[in-house]
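A short worksheet on the structure shown next.
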Amino acid sequence: MDEGRGRRPYAAAPSSPARVTPDAAAVARWLRARPARAGGTRVLAVEGRSGAGKSTLAVAVAAALTAPVVRMDDLYDGWDGLQAGVDALLEWVLRPLVLGRPARWRRYDWARGEYAEWHEIAEPDTLVIEGVGCGAREARPYLTGLVWLEAGEQVRRARALARDGETYAPHWRRWAEQEERYYARHDVRSRAGLVIVTDPGGAR
C-alpha cells in the first residue's frame, strides 16, 4: 500500500479552503507559517483515499522541510486495520511528542502479517504523516496542518493497482469500504486547510 511512486502535477481544487500554488515548496511555506501543536513539533497530515497521491506529495514536502515521514501503512495491523492505525498514531507518535518524548512506533510487516522492528524519532521540529487516518478527529489537536488530496476513483484505482499489482487487487473493495466508513465519521475533507486535486481532469 505504499502510495504512488510516480510524480504528477498538482492543482488546487476550486473549493480549496486555502488558495496557494500547490507544489511542495508552497505547502512547506504554508506549514512553516503555522504554530507547532505537538509539543515543539509542527505536524503535517497528508490525507486522501487510496491512490490519491499522498506519498508522492508527502515525500516532496518532507524533502523541502528536511523532515521525517511517518506512513500510516506502517501502523495499520493488516487489511482491516485502519482504526488500529489511528490508535497507534495517537499512542506511539502524537501523544509522546506532546509530552516531550520521542515518537516510537513498530512497522507492520505486510508479508509476515505482524508488527516488526521499532522506529524512533526524537522530537523533530517538523514531522510529515501520510495516509488514510492521519487526519482523524482524534488527531486534530496535534496537527499544525491538514492537506486533503483527491482524484477520481478510476484514476486512483489505476494508480494503486499499477503500484501494488495483484497484491492489492483482491483487497481494493475491502479497503475502500473502510475508507468510506472512516470518512463518513471524520469528514476529513471539510477540515483540511488545503485541498489539492491530483487529477485535475477527472476528480469529482
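Mean sequence separation of contacting Cα pairs (under 8 Å, at least six apart), scaled by the length of the range 48-121, corresponds to a relative contact order of 22 percent. Applying 1/(1 + (r/R0)^6) with R0 = 30 Å to the Cβ-Cβ distance of residue 122 and residue 185 gives a FRET efficiency near 0.35.
Computed on protein heavy atoms with a 1.4 Å probe, the accessible areas place 199, 80 in the order 80, 199, largest first. Label-to-label distance, residue 114 versus residue 29, with points set 7 angstrom from Cα along the beta-carbon direction: 5.0 nm. Taken along the Cα-to-beta-carbon direction at a fixed 7 Å, the label points for residue 140 and residue 106 span 3.1 nm.
The values are calculated or read from the model by the stated rules, or taken from the named source; none is laboratory data. Small disclaimer: the values here were computed from a predicted structure and weren't measured. For neighbour counting, all protein chains shown are included, and Cβ atoms are generated from backbone atoms with ideal geometry for every residue, glycine included. Just so you know, the surface numbers come from the protein's heavy atoms only, side chains and all, with ligands and any DNA or RNA stripped out. Shrake-Rupley method; radii C 1.70, N 1.55, O 1.52, S 1.80 Å.
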